[in-house]
Amino acid sequence: MRMIVLLAEFYASGGTRTYVKQLLEFYHSQGIKVILVGTEAKADIEMQHILEELGMTYICYSNVLTGKYRNYEPRKIVSPKVWSYQFMVRERNAFRDFLTKMKAHGIVVSAGTPGIFAGAAGSVPSNVYILHTYPHGMRQKLFGRILMRRFFKPVRNLVAVSQFEKQEILRLWNLPTNSLTITVIPNSAGSVLPPKLRPSNIKFQVVTASWVETYKNPELWLEVAKSVTNRLGRDRVKFVWLGEGSLLSDFQVLANQCNSEADVEFLGHVEDVEYFYREADLYLQVSATENMSLSVIDALRHGLPAVVTDVGGLPEIIEEAKSGYVVPLESIERIANSVVEILEDGLKWSRFSKAGQTRYADCFTPEIWANEMQKLHSGVFNSGA
């Protein structure tokens, strides 16, 4: 049985965590043993349960760097560094030794931060680097072209989750495409669902599932909620934001302050996200930057018409005027107009809902994702690429 090291950046919730669980299930189905390396001292209870169920193990990233692999809890957690040449050299050497001692056939990196684990990625010839966000900004353009080109030279296979991300990687990092293959494999959110019936709510429900962070534009979201409520009335529409983030408590306060203007809630982490998707009439995503949003893909799966901003990979998910609307960023009135139009036009809502689920079935199912990943992994780990 083949064994690989999965070096993953993931948190207590969010898309990168969902993706790691999906990868673990995929490797189990392929008969591949996995050593999961993460940045926490121990796997959390849910992840530990999954690993035990699949017969896989967890090792802390700090242990790999120190060479103390077994039954050792690090006294100090070492955080991976992106912009340090010396650190990435150390990381590469440590993971090269680790994979040799573990007799692993290769390494797969699942990264949420552009460039993180770049040192480890090319530690052995059989490697895959999966990046969930796209590089952006002057630091990526200036330092990325030097450090990323240097450390991605030994990397043979990079996976992007959107065409937009692939273009940004090539533009900002200037990677050696003669030796590196960049494959676009979009995310999946789960099995295809039955056609959605519009909820029989007295009030329309608009849902957003996302981190409460500046780049997700919660301030703009509040303004859109106020604008829509001003047109429809507070007794006819409710806006709900699901998800944690550094700004959660601030916006919970702001939501209470504007309670007379709009019915809005920031609920933080919720266990049953599916419930909110089932009860919602529309999905809204007004991010300032976004790659291939798993939450928007899940909205398609549930048959939710969506209104999204025209940034990153969002236009690759939502087909304009077919499964929703793609609206210019910061255009509060146009976003609000689009929300009101879909909510009040039952025929359009039904057409968008059906088209969204059809698009999901054609582009984003687990079977499509697994088939593309199987082809990639077969080429990497069977040929030793």
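Worth pointing out:
- Filter pass, G190 being touching a helix residue (DSSP H, G or I) at 6+ places or on another chain (Cβ under 7 Å), of a type outside the set (S, T, N, Q), within 30 Å of K68 (Cα to Cα) and at pLDDT below 95: no
- Scanning region 149-178 for residues being touching a Lys or Arg at 6+ places or on another chain (Cβ under 7 Å) and open to solvent by 30 Å² or more (accessible area, probe 1.4 Å) gives a total of 1.
- Only one entry of I146, I116 meets the criterion of being in a loop (DSSP other than H, G, I, E, B), hydrophobic (A, V, I, L, M, F, W, C) and either in contact with a Pro (Cβ under 9 Å, 6 or more places away or on another chain) or open to solvent by 10 Å² or more (accessible area, probe 1.4 Å) (or both), and that entry is I116.
- Extreme residue, nearest to the chain's Cα centre (by Cα), among residues of region 179-215 that are open to solvent by 40 Å² or more (accessible area, probe 1.4 Å) and among the aliphatic types (A, V, I, L, M): V192
- Condition broken by L294, with the remaining ones in (1) at pLDDT below 95; (2) out of contact with any helix residue (DSSP H, G or I) (no Cβ under 6 Å at 6 or more places or on another chain) satisfied: (2)
- Of all the listed residues (S323, S338, S293, S353), the sole one being touching a residue at least 24 places away in the same chain (Cβ under 8 Å), out of contact with any Ser or Thr (no Cβ under 6 Å at 6 or more places or on another chain), more than 28 Å from Q22 (Cβ to Cβ) and buried (at least 19 other Cβ atoms within 10 Å of the Cβ) is S338.
- Scanning region 95-104 for residues that are under 22 Å from L131 (Cβ atoms), open to solvent by 10 Å² or more (accessible area, probe 1.4 Å) and out of contact with any Ser or Thr (no Cβ under 7 Å at 6 or more places or on another chain) turns up just one, A104.
- 1 or more residues among the polar types (S, T, N, Q) and modelled with pLDDT of 95 or more: qualifying strands (runs of 3 or more DSSP E) within region 195-282: 204-209
- Of all the criteria given as (1) in a helix (DSSP H, G or I); (2) open to solvent by 50 Å² or more (accessible area, probe 1.4 Å); (3) in contact (Cβ under 8 Å) with a residue 60 or more places away in the chain, the one not satisfied by E330 is (1).
- Residue within region 88-96 that is under 17 Å from the mean Cα position of the chain (by Cα) and without any contact (Cβ under 8 Å) to a residue 60 or more places away in the chain present: no
- Region 45-63, residues that are more than 24 Å from Q30 (Cβ to Cβ), in contact with a strand residue (DSSP E or B) (Cβ under 9 Å, 6 or more places away or on another chain) and free of Cβ contacts under 8 Å to residues at least 40 places away in the same chain: C60, N63
- Looking only at region 4-46, and only at residues there that are of a type in the set (S, T, N, Q) and outside any helix (DSSP H, G or I), the one that is least open to solvent (accessible area, probe 1.4 Å): S13
- Residue check for I107: open to solvent by less than 70 Å² (accessible area, probe 1.4 Å), in contact with a Phe, Trp or Tyr (Cβ under 7 Å, 6 or more places away or on another chain) and not basic (K, R): yes
- Residues in region 318-358 that are β-branched (V, I, T), farther than 18 Å from R301 by Cβ and more than 23 Å from the chain's Cα centre (by Cα): I332, I335, V339, V340.
- Condition met for V340 (in contact with a helix residue (DSSP H, G or I) (Cβ under 6 Å, 6 or more places away or on another chain) and assigned to a helix (DSSP H, G or I)): yes
- All positions within region 158-186 that are farther than 15 Å from Y129 by Cα and in a loop (DSSP other than H, G, I, E, B): N174, N178
- Count of region 216-260 residues which are buried (at least 20 other Cβ atoms within 10 Å of the Cβ) and on the phi > 0 side of the Ramachandran plot: 3
- A count restricted to region 47-70 and to residues that are modelled with pLDDT under 95, open to solvent by 60 Å² or more (accessible area, probe 1.4 Å) and in a helix (DSSP H, G or I) stands at 1.
- Complete set of residues in region 263-281 that are charged (D, E, K, R) and open to solvent by less than 50 Å² (accessible area, probe 1.4 Å): D263, D281
The values are calculated or read from the model by the stated rules, or taken from the named source; none is laboratory data. Because the structure is predicted, anything quoted here is derived from the model rather than measured. Quick reminder, even Gly has a Cβ in these numbers, built from the backbone with ideal geometry, and neighbours come from all protein chains shown. Keep in mind that these areas ignore ligands, DNA and RNA; they rest on the heavy atoms of the full protein, side chains included. Shrake-Rupley method; radii C 1.70, N 1.55, O 1.52, S 1.80 Å.
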